[in-house]
Amino acid sequence: VVYLPPRSHTVLVEVPLQMESSYYLERRTPDERQQLLSDLRAAWMLRDPSFIERHVRPNSYIAIYLDGQYAYSLPAEDYLAMTHDAIRAVKTEQIRFDRITKRGETQIVVRGEHQYLDEATGVRRVVYIQYTFERVDGRWYLIEAGSSAKRL
């Protein structure tokens, strides 16, 4: 048996970590896509439609998709009124976004799952949601919204 004294202290990490800063509580500014997802979540979880309003361009139209198929378009003001009513009628239990894809150079499509309680009926529901945003003049604006009983 040969004894070799340790040369240095060794720390084993089971999962690789990537630290952007040496201080773990440092506040970082979220990128635009993270902020967009955060705003969508906040609108439904906090029941505050102003988080969606900031991403709707006045005097525009929003295309509505049902079960993945184009159904109709409506003025932005009507979409916001409809969204206000929906946010007040349901209590969101969970909203997750599991896929973000790029469409061309100026659009992103966000897909996820929305679990909520319909307060009028007491029924819990799960719908799959999709939002499409377009970058115009340095900002992301909603151009399409959709929902489906099946995963989109």
| said: Checking Val136 against (1) in contact with a strand residue (DSSP E or B) (Cβ under 7 Å, 6 or more places away or on another chain); (2) closer than 18 Å to Glu53 by Cβ: exactly one of these is not met. Which one? | reply: (1)
| query | Within the range 72-81, is even one residue open to solvent by less than 40 Å² (accessible area, probe 1.4 Å) and either within 19 Å of the chain's Cα centre (by Cα) or within 20 Å of Gln34 (Cα to Cα) (or both)? | reply | yes
| request: Would you check which residues across the range 88-108 are closer than 14 Å to Arg41 by Cα and within 15 Å of the chain's Cα centre (by Cα) and list them? | output: Thr92, Glu93, Gln94, Ile95, Arg96, Phe97, Asp98
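How about the range 77-132: which of its residues are charged (D, E, K, R) and part of a helix (DSSP H, G or I)?
Glu77, Asp78, Asp85, Arg88
The values are calculated or read from the model by the stated rules, or taken from the named source; none is laboratory data. Remember, it's a predicted structure, so these values are computed and weren't measured experimentally. Virtual Cβ from ideal backbone geometry, glycine too; neighbours counted across all protein chains shown. To get the accessible areas, we keep the full protein, side chains included, count just its heavy atoms, and leave off ligands, DNA and RNA. Shrake-Rupley method; radii C 1.70, N 1.55, O 1.52, S 1.80 Å.
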